[in-house]
There are 2 protein chains.
Amino acid sequence: MNNKILIVGGVAGGASVAARIRRLDETAEVIMFEKGPNVSFSNCCLPNHLSGMIKNSEDLVLMCPENFKKQYNIEARVNNEVTKIDKDKKVLVVRDLETGQYYEETYDSLFLAPGANPIVPKFEGCSNPNVFTVKNVVDIDKLNKFVQNGVKDIVVVGGGFIGVEVAENLKLSAAGFNVTLVEQADQIMAPFDYDMVQILHKELTDKGVNLIVSDGIAKITDDYAQLASGKKIVAQAVVMAIGVTPDTKLAVEAGLEIGNTRGILVNHNYQTSDPNIYAVGDAIEVYHQITHSKTKLALAGPAQKQARSAADSLYGIPTRNAGVIGSSCIKIFEMNAASTGLTEKAAKLAGFQFDSVYIIPGDIVGIMPGNSPLFFKLVFEVPTGKILGAQAIGKGDATKRIDVIATMITMGGTLEDLKELELCYAPAFSTAKDPVNFAALVAHNIINGVFKQVHVSAVRELVEHKAFIIDAREPHEYERSHLINSVNIPLSQFRQRLDEIPKDQPVYVHCRSGQRSYNMVKALGQLGFDNIWNISGSYLGISMYEYFNDKMQNRKPIVTDYNFN
Amino acid sequence: MNNKILIVGGVAGGASVAARIRRLDETAEVIMFEKGPNVSFSNCCLPNHLSGMIKNSEDLVLMCPENFKKQYNIEARVNNEVTKIDKDKKVLVVRDLETGQYYEETYDSLFLAPGANPIVPKFEGCSNPNVFTVKNVVDIDKLNKFVQNGVKDIVVVGGGFIGVEVAENLKLSAAGFNVTLVEQADQIMAPFDYDMVQILHKELTDKGVNLIVSDGIAKITDDYAQLASGKKIVAQAVVMAIGVTPDTKLAVEAGLEIGNTRGILVNHNYQTSDPNIYAVGDAIEVYHQITHSKTKLALAGPAQKQARSAADSLYGIPTRNAGVIGSSCIKIFEMNAASTGLTEKAAKLAGFQFDSVYIIPGDIVGIMPGNSPLFFKLVFEVPTGKILGAQAIGKGDATKRIDVIATMITMGGTLEDLKELELCYAPAFSTAKDPVNFAALVAHNIINGVFKQVHVSAVRELVEHKAFIIDAREPHEYERSHLINSVNIPLSQFRQRLDEIPKDQPVYVHCRSGQRSYNMVKALGQLGFDNIWNISGSYLGISMYEYFNDKMQNRKPIVTDYNFN
């Protein structure tokens, strides 16, 4: 019945479908079509070829057609483009790109895993030979050869995963490129909120990438890129990475239903509107576990899970469609950044009632070599305390904390669950109270009204309006750098200096990372001060928030001096 | 009402109680008694002073009494030993160790956080001046000064966390010590099963620690330690770290109830049998979330959580006692090892019906620099698929995976939940299918009877009885090293060599790390072979399992050559 199975696309989704089918059915005839010259390559590693981290582009290919045949008895036809699906006759029309010949192939079941295509809008010079996109090994090879051949200045357009990774890897290349990264929105990396992403803006800038936000591409010539603002950037090569769009051409032409998000519509089992055709990966729309709405998610992990489920479904094995939550991570120079679930922005868009906390605890025990601050933000539903999302950035183990939050979200965890969670602790790996425990404790206080907070985004206005801001750090820290107009009343002195703290106006408290201000805020609350606010994120968070924009806009800083230690 | 609060013990539990009370009550009088000269030091970092990783022992002290006073308005009386509790009069008798004077201090509420004491059994030489224990900064200072003063050979007795960390740090010291680690049981590190711990045995041995298991200490002189077996080990210093016992002396003498596990008995709120007295930390017995029984757990994380809950309880804040699951981790030279929940041994003891899978996937994407195998074992309940525990060991991120499992266990997760779990993925941090997903998939197959498995512990007998074992790796891998008597039928060739595989006897299949054997086992099952067994852990797991014991016992290996690549 399922004797002959065809698969369109041979990367994450397609190759996983093929391998799973073989494990379920030793006798099925399985043919996988890939229009490019390679199947089963590592999409996610493509940018690493530009830095030389992965020296040979052939290493990006994980399995050749010969091995697919030998190990899985699967025929992988590379350089074969499927041009049409006749779903009534159950026939594919295929073009052999080497001979140019068209041929037909019948199927019992069909799996679509065509992926997504880079978006390149129309503008002057957009199809010049020095303009590149990055979708596969051929693309990255072409780009790398071009830039290694005398190019000095490169503009990367688009601050998503691919754009940032391409920019970073170009900058890391021994060739010493001048790299400009241009993003139309006011921030790169949508999985991070505006406050958190400033840490990544700073890291890119500090490491020499010329980062430009709130500007788009308008024109490309042989030696410069002109932005929407009119600004001209010297560039002999431009990489377009403003986003991807599901490759639904075949599906649309075959009359398969397309969802509202423009991905191929699938049911619980990844079946399309034609029961003999399944679709998985970047080309489909998926169900979001938290927002309960359809969305698109171009990530390899979910694609592999979908592939397995779709194959199982064909063989009558019930599948569990858990939906997606959107867990992702990226390494940007020295910073590890990870995110799961909803950002504040996404929670707002989805109509949630929510709040967030921003803490900056140590990644590991402070006296251990290599310790560094972990910037951690937790987004939670109000009043339920249900965990909605989290973002972590630091030189230490950010993905670990976000994986724990992803697990909590999936299992319906609340702040109560998270604050008591017993995780592994040894000084080389974490702190006795893990950052996730710490965040849940602070959030639990907020949701219970134990103290009030303002976010780092509000601090500039507070400073400019001469609000009463207490800096609870020690004098030597205050001297090194502090918020303009802030008053230094260290935690170690405040009980003797209560008369300096006004009762007739709001008082805002911060320290370096939030621990000392937390203690002072709680004490002041008990000492009859009832208009006390903790600044979530504290001095480190404020500095990070302001740094990049001050630099970009030549804006007057609200700190006397930037200091991130 | 709670005006005067006394705390016995000033480390993890005691200091956390003090700080939490101050946050809850600015006006309470809080006095913390510590018989040693330091409060609030990092227990867990003590061994790191021996390697010089933490150069100055003063750095181990996180907060001095002066700062407790200034920041928290808490009196920390060091060198003050509480010698008696009169719970009827609500009075402590305290001895000032500097003056030798006794004095009394009344309380409204009392918190006990005395910790646990190292166990030193009686034997010849057990109290010699060259015999040390490690409980606090004074101990580690004394030990370090002694060994740095001409000592060349050191014996550490006890293969738990402290013993192993002391042995490792001594070996890492620039002084070039000969270090012997002696453990009475047949393995070190109880949080790991016998199969997993062999990786740690190998690591210690490979890095030059003379590891002796199944032997105890019998006698210590100035220049050697004699073991129970009669073996003499040259040693000018001996560290005793065979375990700790809750310090319940004060509690017992005061007539407080002690639990069956010999820890102080506490209720949900960490109240002892006297409602005015709370107890937290290593001295108490706790409730195990998975086994539903009382246990002891000398870990800093739970101690801090208990401290907070106990203080909250005093102030009428309801606490949630989640029980413990036992999450722990350790760095041993290059190996990161972590464990949570129940080992197989513990699951058996607790009467669970369970099974386990042992997989060895890559920690990160295989083409990324720095990738390494992650040895991962998952223990699950049969037939429910409830996750009971996991152990991970490797050069990569072991704690991350175990933290995810700890979260799953806490939230009542099953294999179904774990296999679908969407975690962060980027090539530098993990694989698209994370090792925890992979383990759940394999376990899900086992529990559903999709294929059968044997564990690495069974392989020696199979080899000795000339069972039919297929090595599914490629010929060049087989040539480098293989199981004696195994037949090399690579996954890439087996479909053409089916006639070589017998149908009238069990057939066992392994490859390097389990992926190829999984595919072959599934295919053979469909091709009419119904007595096919996968060897869980595969070649890498078998080699790890056998290596240390072969070396220790001069036993004939069951592999032609050890190879761990």
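The values are calculated or read from the model by the stated rules, or taken from the named source; none is laboratory data. Quick caveat: nothing in here was measured; it's all calculated off a predicted structure. Cβ sites come from the backbone with ideal geometry, for glycine too, and all protein chains shown count toward neighbours.
Filtering A:V82, A:V93 for residues that are assigned by TED's automatic domain parsing to the domain that holds A:P65, within 30 Å of A:I242 (Cβ to Cβ) and touching a Phe, Trp or Tyr at 6+ places or on another chain (Cβ under 8 Å) leaves a single hit, A:V82. With respect to being touching a residue at least 60 places away in the same chain (Cβ under 8 Å) and under 25 Å from the mean Cα position of the chain (by Cα), A:I469 falls outside the description. Those strands (runs of 3 or more DSSP E) of the stretch B:459-565 in which at least 1 residues are aliphatic (A, V, I, L, M) and closer than 20 Å to A:D25 by Cα, considering only elements entirely within it, cover B:507-510, B:532-536. Among (1) over 30 Å from A:G541 (Cβ atoms); (2) part of a helix (DSSP H, G or I), which single condition is A:G176 missing? So the condition that A:G176 fails would be (2). Among residues of the stretch A:166-177 that are in the same structural domain as A:G150 (by TED's automatic domain parsing), those with a Cβ under 6 angstrom from a residue that is of a type in the set (S, T, Y), sequence gap 6+ or separate chain, pair up as A:N169/A:S51; A:L172/A:S51; A:S173/A:S51. Is it the case that some residue within the stretch A:303-311 is in a helix (DSSP H, G or I), small (G, A, S) and more than 12 Å from chain B (Cβ to nearest Cβ)? Among the residues of the stretch A:303-311, at least one is in a helix (DSSP H, G or I), small (G, A, S) and more than 12 Å from chain B (Cβ to nearest Cβ), which makes the answer yes.
Restricting the stretch B:140-152 to residues that are buried (at least 17 other Cβ atoms within 10 Å of the Cβ) and within 26 Å of the chain's Cα centre (by Cα) leaves a set whose member that is nearest to B:V252 (Cα to Cα) is B:I140.
Restricting the stretch A:107-130 to residues that are among the aliphatic types (A, V, I, L, M) and assigned to a strand (DSSP E or B), the residue that is farthest from the chain's Cα centre (by Cα) is A:L110. The set of residues from the stretch B:92-110 being free of Cβ contacts under 8 Å to residues at least 60 places away in the same chain and either in contact with a Gly (Cβ under 8 Å, 6 or more places away or on another chain) or farther than 13 Å from B:I31 by Cα (or both) comprises B:V93, B:R95, B:D96, B:E98, B:T99, B:G100, B:Q101, B:Y102, B:Y103.
Matching residues to (1) out of contact with any Asp or Glu (no Cβ under 9 Å at 6 or more places or on another chain); (2) within 19 Å of B:P435 (Cβ to Cβ):
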{"site": "B:K345", "(1), (2)": "no, no"}
{"site": "B:Q353", "(1), (2)": "no, no"}
{"site": "B:I359", "(1), (2)": "yes, yes"}
{"site": "B:G362", "(1), (2)": "yes, yes"}
{"site": "B:I367", "(1), (2)": "no, yes"}
{"site": "B:P373", "(1), (2)": "no, yes"}
{"site": "B:F376", "(1), (2)": "yes, yes"}
{"site": "B:E381", "(1), (2)": "no, no"}
{"site": "B:G385", "(1), (2)": "no, yes"}
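Across the stretch A:200-241, the number of residues qualifying as touching a residue at least 24 places away in the same chain (Cβ under 8 Å) and part of a strand (DSSP E or B) comes to 15. One residue alone among B:N267, B:N276, B:N260 is modelled with pLDDT of 95 or more, in contact with a strand residue (DSSP E or B) (Cβ under 6 Å, 6 or more places away or on another chain), surrounded by fewer than 16 Cβ atoms within 10 Å (Cβ to Cβ) and farther than 22 Å from B:L143 by Cβ, and that residue is B:N276. If you go through the stretch A:57-70 one residue at a time, do you hit one that is in contact with an Asp or Glu (Cβ under 6 Å, 6 or more places away or on another chain), outside any strand (DSSP E or B) and within 14 Å of chain B (Cβ to nearest Cβ)? So far as the stretch A:57-70 goes, yes, one or more of its residues are in contact with an Asp or Glu (Cβ under 6 Å, 6 or more places away or on another chain), outside any strand (DSSP E or B) and within 14 Å of chain B (Cβ to nearest Cβ).
For the stretch A:499-527, a residue qualifies if it is within 12 Å of another protein chain (Cβ to nearest Cβ), touching a strand residue (DSSP E or B) at 6+ places or on another chain (Cβ under 8 Å) and more than 13 Å from B:Y72 (Cα to Cα), and the qualifying residues are A:C511, A:G525. Taken over the stretch A:288-302, residues that are out of contact with any strand residue (DSSP E or B) (no Cβ under 9 Å at 6 or more places or on another chain) and more than 11 Å from every other protein chain (Cβ to nearest Cβ) amount to 2.
A single entry from A:K348, A:K331 fulfils the requirement of being closer than 23 Å to A:G159 by Cα, more than 9 Å from chain B (Cβ to nearest Cβ) and outside any loop (DSSP other than H, G, I, E, B): A:K348. Which of the residues belonging to the stretch B:31-50 are closer than 25 Å to B:L250 by Cβ and away from chain A (no Cβ under 13 Å)? Answer for the stretch B:31-50, where residues must be closer than 25 Å to B:L250 by Cβ and away from chain A (no Cβ under 13 Å): B:I31, B:M32, B:F33, B:E34, B:K35, B:G36, B:P37, B:N38, B:V39.
Quick check: anything in the stretch A:82-99 within 14 Å of chain B (Cβ to nearest Cβ), surrounded by 19 or more Cβ atoms within 10 Å (Cβ to Cβ) and at pLDDT 95 or above? No, every residue in the stretch A:82-99 fails to be within 14 Å of chain B (Cβ to nearest Cβ), surrounded by 19 or more Cβ atoms within 10 Å (Cβ to Cβ) and at pLDDT 95 or above. Look at (1) touching a Pro at 6+ places or on another chain (Cβ under 9 Å); (2) facing chain B (nearest Cβ under 10 Å); (3) assigned to a helix (DSSP H, G or I) and you find that A:M53 fails only one, number (3). Annotation for the stretch A:482-493: no member residue is within 14 Å of chain B (Cβ to nearest Cβ) and either farther than 21 Å from B:N67 by Cα or among the charged types (D, E, K, R) (or both). Per this entry, B:A432 is counted among residues that are modelled with pLDDT under 95, over 17 Å from A:L423 (Cβ atoms) and small (G, A, S). For B:I21, indicate whether it is touching a Ser or Thr at 6+ places or on another chain (Cβ under 6 Å), buried (at least 19 other Cβ atoms within 10 Å of the Cβ), under 21 Å from B:G281 (Cβ atoms) and at pLDDT 95 or above. Criteria not met by B:I21. Residues that are more than 7 Å from chain B (Cβ to nearest Cβ) and assigned to a helix (DSSP H, G or I) within the stretch A:420-436 comprise A:P435, A:V436, listed in sequence order. Hey, among B:D417, B:D403, which residue is surrounded by fewer than 24 Cβ atoms within 10 Å (Cβ to Cβ), facing chain A (nearest Cβ under 8 Å), in contact with a helix residue (DSSP H, G or I) (Cβ under 8 Å, 6 or more places away or on another chain) and at pLDDT 95 or above? B:D417 is the lone residue from the list that is surrounded by fewer than 24 Cβ atoms within 10 Å (Cβ to Cβ), facing chain A (nearest Cβ under 8 Å), in contact with a helix residue (DSSP H, G or I) (Cβ under 8 Å, 6 or more places away or on another chain) and at pLDDT 95 or above.
Could you check, for the stretch A:378-397, whether at least one of its residues is farther than 17 Å from B:D417 by Cα, at the interface with chain B (Cβ under 10 Å from one of its Cβ atoms), at pLDDT 95 or above and not in a loop (DSSP other than H, G, I, E, B)? The answer is yes, given that some residue of the stretch A:378-397 is farther than 17 Å from B:D417 by Cα, at the interface with chain B (Cβ under 10 Å from one of its Cβ atoms), at pLDDT 95 or above and not in a loop (DSSP other than H, G, I, E, B).
Take the conditions exposed (fewer than 15 other Cβ atoms within 10 Å of the Cβ) and under 27 Å from B:K522 (Cα atoms) and apply them to A:K55. Does it pass? For A:K55, the condition - exposed (fewer than 15 other Cβ atoms within 10 Å of the Cβ) and under 27 Å from B:K522 (Cα atoms) - is not met. Inside the stretch B:312-328, residues that are assigned to a helix (DSSP H, G or I) and either of a type in the set (K, R) or in contact with a Phe, Trp or Tyr (Cβ under 9 Å, 6 or more places away or on another chain) (or both) make up a count of 2. Any idea which residue in the stretch A:242-291 is farthest from A:G326 (Cα to Cα), counting only those that are part of a helix (DSSP H, G or I) and in contact with a helix residue (DSSP H, G or I) (Cβ under 8 Å, 6 or more places away or on another chain)? So, considering only residues that are part of a helix (DSSP H, G or I) and in contact with a helix residue (DSSP H, G or I) (Cβ under 8 Å, 6 or more places away or on another chain), the one farthest from A:G326 (Cα to Cα) is A:A251.
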